[in-house]
Amino acid sequence: MVAVLAPAAPRTSLAADVLRLKQERNAVILAHNYQLGEIQDVADYVGDSLGLSYAAQRADADVIVFCGVHFMAETAKIVNPSKKVVLPDLNAGCSLADSCPAEKLETYLHEHVEKNYYVVAYINCSAGVKALSDVIVTSGNAVKIVERIPRDRNILFVPDQNLGAWVIEKTGRPMDLWQGNCYLHMEFTRKSIERIKEQHPDAPVVAHPECTLAVRLLADEVCSTEKMVGYCRESPADAIIIVTESGMLHRLRREVPGKLFIPGPTDHCACADCRYMKLNTMEKLRAALENLAPEIIMPEAIRKRAEMPILRMLEWSK
Ligand code: 13P
Ligand code: SF4
């Protein structure tokens, strides 16, 4: 589930500082697949949101340095509250999480109380939204989890309309969808993907389910970032087009050497960087280890309410 990568031998003094501080502080570095390559190289675990949640839960170091975005670091704190969790840049947010503020969801649920919704929240949401939910899903387990929900319940899926639509396609289960999306995955278009396919006609296309239907229809495989590693390893193709955030290519090149990974382009960029993920840098990572800050802190009442649907997810996706 989680990629456990031995940190690469430090190539810069910055990397050496990070590895030394990590030991001194008894810290573990967890990094999402979208982080800068040099951050992935010093991390103890690199993976997708699901793998990182399990890694955070079982971390026994004093400090978790979470190299990812805010909702991921919050999830780490929720499942392992006795640890200090730090995020190198507290401004590393997520447009998808921002598209569903907790107050708005609470109002919506009050206004539609007759539906008695079973709320399924994609992990890309705030602790406040998790606290209002029945179960959390990631792109790696959403299909499996939705299939377990009693058939007589109305489902409200928040906040990603594209991932939600993909889960409906896969499960045949009707769901009401919150109209949120990831700004970055919306930038891949039918045209931009058709253009790269013309240049590499034999390369299969692998896309993240946060992409629009028009893009998903052009893909040979739609899956979470972690499942992309397995797909690429198993595929007989020696060139594969990867339609997601650019950090994924570093992980693939490191773990599946000898194949050509081609970044899926957007209409205006050859390679897609998430403006939030890329706020974390090696300098900020070193500072976070030095200062044990910025720290993730949340009210205990919210943490406790948010923990239940995450634990349900971790249990159901075993
Ligand atoms: P994964 O769950 O596949 O890691 O995706 C997280 C994410 O933020 C995608 O944009
Ligand atoms: Fe959020 Fe999109 Fe960035 Fe993922 S790629 S962290 S969904 S803004």
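So, in region 149-160, exactly how many residues are under 23 Å from residue 127 (Cα atoms) and either among the charged types (D, E, K, R) or assigned to a loop (DSSP other than H, G, I, E, B) (or both)? Result for region 149-160: 4.
Of all residues in region 134-168 being of a type in the set (D, E, K, R) and away from ligand 2 (no atom under 15 Å from the Cβ), which is most open to solvent (accessible area, probe 1.4 Å)? Steps first, answer last, please.
From region 134-168, those of a type in the set (D, E, K, R) are 134, 144, 147-148, 151-153, 160; that's our starting set.
Still in the list and also away from ligand 2 (no atom under 15 Å from the Cβ): 134, 144, 147-148, 151-153.
Working: 134: 41, 144: 94, 147: 107, 148: 131, 151: 167, 152: 132, 153: 69 Å².
The qualifying residue most open to solvent (accessible area, probe 1.4 Å) is 151.
Taking first residues from region 11-40 that are surrounded by fewer than 17 Cβ atoms within 10 Å (Cβ to Cβ) and partners that are in a strand (DSSP E or B), the Cβ contacts under 7 Å between residues at least 6 apart in sequence or on separate chains come to 26/63. Candidates are the residues of region 104-126 that are in contact (Cβ under 8 Å) with a residue 12 or more places away in the chain and hydrophobic (A, V, I, L, M, F, W, C); the one that is farthest from residue 228 (Cα to Cα) is 109. Just one residue in the set 158, 146 is over 17 Å from the mean Cα position of the chain (by Cα), among the hydrophobic types (A, V, I, L, M, F, W, C) and farther than 27 Å from residue 240 by Cα; that residue is 146. Considering only residues in region 219-235 that are part of a helix (DSSP H, G or I) and open to solvent by 20 Å² or more (accessible area, probe 1.4 Å), the one that is nearest to ligand 2 (Cβ to nearest atom) turns out to be 226.
Answer with yes or no whether residue 94 is out of contact with any His (no Cβ under 6 Å at 6 or more places or on another chain), within 16 Å of ligand 2 (Cβ to nearest atom), open to solvent by less than 10 Å² (accessible area, probe 1.4 Å) and modelled with pLDDT of 95 or more.
Working: out of contact with any His (no Cβ under 6 Å at 6 or more places or on another chain): yes; within 16 Å of ligand 2 (Cβ to nearest atom): yes; open to solvent by less than 10 Å² (accessible area, probe 1.4 Å): no; modelled with pLDDT of 95 or more: yes.
Here the answer is no, as residue 94 does not meet what is asked.
Residues that are modelled with pLDDT of 95 or more and farther than 24 Å from residue 273 by Cα: does region 189-200 have at least one? Within region 189-200, none of the residues are modelled with pLDDT of 95 or more and farther than 24 Å from residue 273 by Cα.
Quick one: which residue in 61, 76 is open to solvent by less than 30 Å² (accessible area, probe 1.4 Å), in a helix (DSSP H, G or I) and farther than 19 Å from residue 182 by Cβ? Break it down stepwise before answering.
Details: 61 fails: in a helix (DSSP H, G or I).
Step by step, each of 61, 76 is checked, and only 76 is open to solvent by less than 30 Å² (accessible area, probe 1.4 Å), in a helix (DSSP H, G or I) and farther than 19 Å from residue 182 by Cβ.
Got at least one residue in region 105-118 being more than 15 Å from the chain's Cα centre (by Cα), of a type in the set (Val, Ile, Thr) and within 16 Å of ligand 1 (Cβ to nearest atom)? The answer is no, given that none of the residues of region 105-118 is more than 15 Å from the chain's Cα centre (by Cα), of a type in the set (Val, Ile, Thr) and within 16 Å of ligand 1 (Cβ to nearest atom). Yes or no: residue 273 touching a Gly at 6+ places or on another chain (Cβ under 9 Å), within 13 Å of ligand 2 (Cβ to nearest atom) and open to solvent by 50 Å² or more (accessible area, probe 1.4 Å)? It is true that residue 273 is touching a Gly at 6+ places or on another chain (Cβ under 9 Å), within 13 Å of ligand 2 (Cβ to nearest atom) and open to solvent by 50 Å² or more (accessible area, probe 1.4 Å).
Looking at region 47-91 only, could you name the residues that are β-branched (Val, Ile, Thr) and within 15 Å of ligand 2 (Cβ to nearest atom)? I'd like the intermediate steps shown before the answer.
Here is the first cut: in region 47-91, the residues β-branched (Val, Ile, Thr) are 63-65, 69, 75, 78-79, 85-86.
Result: 69, 75.
Take residue 283 and decide whether it is free of Cβ contacts under 8 Å to residues at least 12 places away in the same chain and either closer than 27 Å to residue 63 by Cα or among the acidic types (Asp, Glu) (or both). No.
The residue that is modelled with the lowest pLDDT, among those in region 288-318 that are within 20 Å of the chain's Cα centre (by Cα) and open to solvent by less than 30 Å² (accessible area, probe 1.4 Å), is 317.
Residue by residue, here is whether (1) in contact with a Cys (Cβ under 6 Å, 6 or more places away or on another chain); (2) more than 12 Å from ligand 2 (Cβ to nearest atom); (3) open to solvent by 10 Å² or more (accessible area, probe 1.4 Å) holds:
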{"position": "237", "(1), (2), (3)": "no, yes, yes"}
{"position": "244", "(1), (2), (3)": "no, no, no"}
{"position": "247", "(1), (2), (3)": "no, no, no"}
{"position": "251", "(1), (2), (3)": "no, yes, no"}
{"position": "258", "(1), (2), (3)": "no, yes, yes"}
{"position": "262", "(1), (2), (3)": "no, yes, yes"}
{"position": "269", "(1), (2), (3)": "no, yes, yes"}
{"position": "281", "(1), (2), (3)": "no, yes, yes"}
{"position": "286", "(1), (2), (3)": "no, yes, yes"}
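Looking only at region 168-218, which residues are assigned to a helix (DSSP H, G or I) and charged (D, E, K, R)? Of everything in region 168-218, those that are assigned to a helix (DSSP H, G or I) and charged (D, E, K, R) turn out to be 169, 170, 187, 190, 191, 194, 195, 197, 198, 216. Region 244-318 holds helices (runs of 4 or more DSSP H) entirely within its bounds, and those carrying 3 or more residues that are of a type in the set (A, V, I, L, M) and under 25 Å from residue 27 (Cβ atoms) map to 282-291, 300-316. Cβ-Cβ contacts under 6 Å between residues 6 or more apart (or on different chains), taken from a first residue in region 127-139 that is in a helix (DSSP H, G or I) to a second residue that is open to solvent by 10 Å² or more (accessible area, probe 1.4 Å), are listed as 127/74; 127/298; 127/302; 128/102; 129/102; 131/302; 131/305.
The values are calculated or read from the model by the stated rules, or taken from the named source; none is laboratory data. The structure presented is a predicted model; accordingly, all values stated were derived computationally and were not measured. Quick reminder, even Gly has a Cβ in these numbers, built from the backbone with ideal geometry, and neighbours come from all protein chains shown. For accessibility, only protein heavy atoms count, side chains too; no ligands or nucleic acids. Shrake-Rupley method; radii C 1.70, N 1.55, O 1.52, S 1.80 Å.
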